[in-house]
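> Following this message is one structure expressed as structure tokens.
The values are calculated or read from the model by the stated rules, or taken from the named source; none is laboratory data. Note that the structure is predicted; figures quoted are calculated from it, not measured. All Cβ positions, even for glycine, are placed from backbone atoms using ideal geometry, and neighbour counts span all protein chains on display.
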Amino acid sequence: MEIPIYQIDAFASGLFRGNPAAICPLDHWLPDPVLQAIAAENNLAETAYYVIENGRYRLRWLTPLVEVDLCGHATLAAAAVILEVRKELAASRIAFDTRSGEVAVDRSGDVYTLDFPSQPDAPMPANLDLAEALGAQPSAFLRARYDLCIFETEQQVRALSPDMRALQRIAGKVIVTAPGNDCDFVSRFFAPAAGIDEDPVTGSAHSTLIPYWSARLGKKKMFARQISARGGELWCEDRGARVGIGGRAVKYLEGRIFVPVD
């Protein structure tokens, strides 16, 4: 069996930037162990698969180790494959059915904007073990889908070099953030529990970052950077119960996977 594969750099200012995602269009769902094996072989933060079911797009995301409930950059990449690379739809908006319900992507020029549910944070007690694993003391600890650690400066966030094994035992997935030097805010995302020590750019994390920074800065529209080694750029909007997370997509690779059929 031959399966198309595309690799897209999402939230990228150019090639070799942003977060690479593999996108595999399927005629029908393959067994879960096969999907997981392909994701492990690709060895990217996420491999996304989509199938058209009853006229709608069904989208799933897998890391090299597990299937996840929500992934921003691979959703953006899937929309770029469908709307721009394969031109399957003559539309500026596409909706996906996912494990997290319907998520939509709007295209305006070369910017794709995710429409995701907002996931505001809640206070959490100071976690000395988490601070020790990060190697620095946050000014505040918050929690939503992921733990959220607030720092005072961009330099503090850039300088973090966490103990990933300790982090995996304590929290597994952690956002760190601070005000930006040339943007509204910066962040990094560590997810050793999902087999990703540091994710280059994390759209889903901005479902929490956007309401936090919108309230703190008193702004609905913001520009953010994820300051991983690859770096990413995100145009953010607080829409109340929803958030808009925008970025560009750059095609890196197009090819075929050959999977034996029993």
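> Which of the strands (runs of 3 or more DSSP E) found entirely inside the range 155-262 contain at least 1 residues meeting this: aliphatic (A, V, I, L, M) and more than 13 Å from the chain's Cα centre (by Cα)?
Numbers: elements: 174-179, 185-191, 196-199, 221-226, 232-238, 242-258.
Answer list for the range 155-262: 174-179, 185-191, 221-226, 242-258.
> Okay, moving on. Restricting to the range 157-171, name every residue that is under 14 Å from L128 (Cβ atoms) and in contact (Cβ under 8 Å) with a residue 40 or more places away in the chain.
The answer is I170, A171.
> I'd like to know if the range 132-139 contains one or more residues that are of a type outside the set (S, T, Y), closer than 21 Å to L217 by Cβ and assigned by TED's automatic domain parsing to the domain that holds P192.
So the first thing to find is which residues in the range 132-139 are of a type outside the set (S, T, Y), and the list is 132-138.
Applying the additional criterion that residues be closer than 21 Å to L217 by Cβ yields 138.
The next check asks that each one be assigned by TED's automatic domain parsing to the domain that holds P192; those that pass are 138.
Looking through the range 132-139, at least one residue is of a type outside the set (S, T, Y), closer than 21 Å to L217 by Cβ and assigned by TED's automatic domain parsing to the domain that holds P192.
> How many residues does the range 1-19 contain that are over 18 Å from L83 (Cβ atoms) and either free of Cβ contacts under 8 Å to residues at least 40 places away in the same chain or touching a helix residue (DSSP H, G or I) at 6+ places or on another chain (Cβ under 8 Å) (or both)?
First, pick out the residues of the range 1-19 that are over 18 Å from L83 (Cβ atoms): 1-3, 13-17, 19.
Okay, now just the ones that are also either free of Cβ contacts under 8 Å to residues at least 40 places away in the same chain or touching a helix residue (DSSP H, G or I) at 6+ places or on another chain (Cβ under 8 Å) (or both), so 3, 19.
Of the residues in that region, 2 qualify.
> Here are the criteria: (1) over 22 Å from the mean Cα position of the chain (by Cα); (2) within 16 Å of R256 (Cα to Cα); (3) assigned to a strand (DSSP E or B). Tell me which single one D27 does not satisfy.
The single condition D27 does not satisfy is (3).
> Collect the residues in the range 1-57 that are among the small types (G, A, S) and over 23 Å from F189 (Cα atoms), keeping them in residue-number order.
Just the residues of the range 1-57 that are among the small types (G, A, S), to begin with: 10, 12-14, 18, 21-22, 37, 39-40, 45, 48, 55.
Correct list: A37, G55.
> Here's a check for you: in the range 229-245, which residue that is touching a residue at least 60 places away in the same chain (Cβ under 8 Å), small (G, A, S) and under 26 Å from A39 (Cβ atoms) is surrounded by the fewest Cβ atoms within 10 Å (Cβ to Cβ)?
In this case the residue turns out to be G231.
> Additional query: What about I196, is it in contact (Cβ under 8 Å) with a residue 40 or more places away in the chain and either within 21 Å of S100 (Cβ to Cβ) or buried (at least 20 other Cβ atoms within 10 Å of the Cβ) (or both)?
Numbers: in contact (Cβ under 8 Å) with a residue 40 or more places away in the chain: yes; either within 21 Å of S100 (Cβ to Cβ) or buried (at least 20 other Cβ atoms within 10 Å of the Cβ) (or both): yes.
It is true that I196 is in contact (Cβ under 8 Å) with a residue 40 or more places away in the chain and either within 21 Å of S100 (Cβ to Cβ) or buried (at least 20 other Cβ atoms within 10 Å of the Cβ) (or both).
> Next question, about the same structure. Restricting to the range 57-90, give me the number of residues that are more than 17 Å from A10 (Cα to Cα) and either in contact with a Lys or Arg (Cβ under 8 Å, 6 or more places away or on another chain) or surrounded by 14 or more Cβ atoms within 10 Å (Cβ to Cβ) (or both).
Residues of the range 57-90 more than 17 Å from A10 (Cα to Cα): 57-58, 64-69, 87-90.
Narrowing the set further to residues that are either in contact with a Lys or Arg (Cβ under 8 Å, 6 or more places away or on another chain) or surrounded by 14 or more Cβ atoms within 10 Å (Cβ to Cβ) (or both) leaves 57-58, 64, 67-69, 88.
Count: 7.
> Kindly provide the set of residues from the range 205-228 that are of a type in the set (K, R), in contact (Cβ under 8 Å) with a residue 12 or more places away in the chain, more than 20 Å from A104 (Cα to Cα) and surrounded by fewer than 18 Cβ atoms within 10 Å (Cβ to Cβ), ordered by number. Explain how you work it out, then say what you get.
Our first condition is that a residue be of a type in the set (K, R); within the range 205-228, this holds for 216, 219-221, 225.
Now restrict to residues that are in contact (Cβ under 8 Å) with a residue 12 or more places away in the chain: 219-221, 225.
When the remaining residues are screened for being more than 20 Å from A104 (Cα to Cα), the result is 219, 225.
If the condition is that a residue be of a type in the set (K, R), in contact (Cβ under 8 Å) with a residue 12 or more places away in the chain, more than 20 Å from A104 (Cα to Cα) and surrounded by fewer than 18 Cβ atoms within 10 Å (Cβ to Cβ), then K219 is the only one that fits.
> So is E84 charged (D, E, K, R) and in contact with a His (Cβ under 9 Å, 6 or more places away or on another chain) or not? Outline the logic, then answer.
Details: charged (D, E, K, R): yes; in contact with a His (Cβ under 9 Å, 6 or more places away or on another chain): no.
Answer is no for this residue.
> Right, another one. Considering only the range 66-82, I want to know if a residue exists there that is over 17 Å from the mean Cα position of the chain (by Cα) and on the phi > 0 side of the Ramachandran plot.
First, pick out the residues of the range 66-82 that are over 17 Å from the mean Cα position of the chain (by Cα): 82.
Now restrict to residues that are on the phi > 0 side of the Ramachandran plot: none.
Among the residues of the range 66-82, not one is over 17 Å from the mean Cα position of the chain (by Cα) and on the phi > 0 side of the Ramachandran plot, which makes the answer no.
> Let me ask another. Quick one: which strands (runs of 3 or more DSSP E) sit completely within the range 72-117 and have at least 1 residues that are within 18 Å of G232 (Cβ to Cβ)? Spell out the reasoning first.
Working: elements: 93-98, 101-108, 111-117.
The qualifying strands (runs of 3 or more DSSP E) are 101-108, 111-117.
Yes/no matrix, rows are residues, columns are (1) crowded, with 21+ Cβ neighbours inside 10 Å; (2) more than 15 Å from I227 (Cα to Cα); (3) basic (K, R); (4) modelled with pLDDT under 95:
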position	(1), (2), (3), (4)
A126	no, yes, no, yes
A133	yes, yes, no, no
Q137	no, yes, no, no
L142	no, yes, no, no
A159	no, no, no, no
D182	no, no, no, no
F185	yes, no, no, no
